[in-house]
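Have a look at the structure below before the remarks.
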Amino acid sequence: MDINPEELLQQFASDNYAGICPEAWAAMESANRGHATAYGDDAWTARAASAFRDLFETDCELFFVFNGTAANSLALASLCQSYHGVICCDSSHVETDECGAPEFFSNGSKLLVAQGVDGKLRPGAIHELATKRQDIHFPKPRVVTITQPTETGRVYTLDEVKAISAACKAHGLLLHMDGARFANACASVGATAAELTWKSGVDVLCFGGTKNGMAVGEAVLFFDRALATDFDYRCKQAGQLASKMRFLAAPWVGMLESGAWLSNAVHANECAQYFAKRVAGIPNVKVVSPVDANSVFLAAPDEVLEQLRARGWRFYTFIGGAARMMFAWDTDLRRVDALLSDLEDCASSHTGVVGPAVASSVQ
Ligand SMILES: *Cc1c(COP(=O)(O)O)cnc(C)c1O
């Protein structure tokens, strides 16, 4: 099959533009030898589960599903009754990018949206939403969900996660973490997976494999096993029980046993830092948000962004209004340099200055 070589060039629109990392690929290949029992009753699935329990230093219950929307929605649905509410940030993926799946799978649990700062939910906002209405006419708050790192590339520190957890405990709420890029958060904070989750009060984690270097797959980890009751049935009913489960599980074995889950994230984060530092020297372009993980948000005049697109670069501007550059596990610094050089060319030929309206659109 012929593919236009231009199509294969590395882009920074999303970390899910990248392919499969060698460790995940090799494990898939090994899993492709011979037959194995279906529906998760196989050696690869057992080995992946034990690798997760080692990494998280706890005997958690866990499940493998195909994507992040399913992981988040089913996890939240399992924590809620239909009359419950889920407190989340206004920019959260569950609110803005899952097509109502959390409400659908929970049979109507309402997302209770708080205005965030840098995509972060604050303990004060949790307190406000948890106490605003306590009458029977409003959904009863039951869960708080936070995204780590946030959709705007910020990372909750250990203390911030602990403060959120304290607010949850004060109001009898459970804490869910959307960790589509959880590995990037671990790399950024320099904390262990355990410290960043259950040791800081997280009850359920959705750990993203796709953006970390796998073809497909997310893990749902329940640190309190009681919360996982019947989750297997929920997965099956939602069409998320893989019959050839070993192909969802094996890549995790490759990622976790080799340490690629973390080294991939470290590399991606470092590339974001590399890019952001060099953008700082380019006129008419501003990095608008601190770079904690593997994304960099840029404000630049529309004409500059249009020119950059005309040169073949792809990126999104729908998240917070700025241009997002996202660095994946396989980021090639020569491609980053090519982007920087095109950005500099386009921006230096521009005569205007970056308008404050653009620069302030991402807080
Ligand atoms: C990518 C992403 C997900 C998962 O999205 P799917 O397309 O359903 O796999 C979930 N949360 C966040 C914050 C994401 O960036």
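The values are calculated or read from the model by the stated rules, or taken from the named source; none is laboratory data. Everything numeric in this text was worked out from a predicted model, so none of it was measured. Methodologically, a virtual Cβ is constructed for each residue, glycine included, from the backbone with ideal geometry; neighbour enumeration extends over all protein chains shown.
Among residues of region 59-81 that are among the hydroxyl-bearing types (Ser, Thr, Tyr), those with a beta-carbon under 6 Å from a residue that is away from the ligand (no atom under 12 Å from the Cβ) at least six positions away or on a different chain give the pairs Ser73/Phe105; Ser78/Phe231; Ser78/Arg234. For Phe64, are the conditions met, namely being in the same structural domain as Ala338 (by TED's automatic domain parsing), under 18 Å from the mean Cα position of the chain (by Cα) and buried (at least 20 other Cβ atoms within 10 Å of the Cβ)? For Phe64, the condition - in the same structural domain as Ala338 (by TED's automatic domain parsing), under 18 Å from the mean Cα position of the chain (by Cα) and buried (at least 20 other Cβ atoms within 10 Å of the Cβ) - is not met.
Taking region 142-171 as the range and being within 16 Å of the ligand (Cβ to nearest atom) and in a strand (DSSP E or B) as the test, the residues that pass are Val143, Val144, Thr145, Ile146, Thr147.
Checking each residue in region 22-53 for being in a loop (DSSP other than H, G, I, E, B) and either out of contact with any Ser or Thr (no Cβ under 8 Å at 6 or more places or on another chain) or surrounded by fewer than 13 Cβ atoms within 10 Å (Cβ to Cβ) (or both) picks out Asn32, Arg33, Gly34, His35, Ala36, Thr37, Gly40, Asp41, Asp42. For region 11-26, name all the residues that are within 15 Å of the ligand (Cβ to nearest atom), closer than 21 Å to Arg311 by Cβ and of a type in the set (S, T, N, Q). Ser14, the sole residue that qualifies.
Which residue, of Gly153, Gly179, Gly119, is under 21 Å from Phe231 (Cβ atoms) and in contact (Cβ under 8 Å) with a residue 12 or more places away in the chain?
Gly179
Consider region 211-240 and keep the residues that are in a loop (DSSP other than H, G, I, E, B) and surrounded by 20 or more Cβ atoms within 10 Å (Cβ to Cβ). The one that is nearest to the ligand (Cβ to nearest atom) is Lys211.
Say whether the condition of being within 13 Å of the ligand (Cβ to nearest atom), closer than 24 Å to Trp261 by Cα and part of a strand (DSSP E or B) is met by at least one residue in region 81-88. Among the residues of region 81-88, not one is within 13 Å of the ligand (Cβ to nearest atom), closer than 24 Å to Trp261 by Cα and part of a strand (DSSP E or B), which makes the answer no. When the residues of region 218-245 are filtered to those that are among the small types (Gly, Ala, Ser) and touching a strand residue (DSSP E or B) at 6+ places or on another chain (Cβ under 6 Å), the one that is nearest to Cys168 (Cα to Cα) is Ala228. Residue count for region 245-288 satisfying the condition of being part of a helix (DSSP H, G or I), within 30 Å of Val220 (Cα to Cα) and either hydrophobic (A, V, I, L, M, F, W, C) or more than 17 Å from the chain's Cα centre (by Cα) (or both): 23.
Taking residues in region 334-363 that are surrounded by 16 or more Cβ atoms within 10 Å (Cβ to Cβ), and partners anywhere that are at pLDDT below 70, the pairs with Cβ atoms closer than 8 Å and at least 6 places apart or on different chains are Val362/Gly320. When Val117, Val86, Val113, Val143 are checked against the criterion of being among the β-branched types (Val, Ile, Thr) and at pLDDT below 95, a single residue qualifies: Val117. Would you confirm whether or not region 189-197 contains a residue that is modelled with pLDDT of 95 or more, crowded, with 22+ Cβ neighbours inside 10 Å and not in a loop (DSSP other than H, G, I, E, B)? Checked against the condition, which is being modelled with pLDDT of 95 or more, crowded, with 22+ Cβ neighbours inside 10 Å and not in a loop (DSSP other than H, G, I, E, B), region 189-197 yields no hits at all.
Only one of the numbered conditions (1) aliphatic (A, V, I, L, M); (2) at pLDDT 95 or above; (3) not in a loop (DSSP other than H, G, I, E, B) is not met by Val291, and that is (3).
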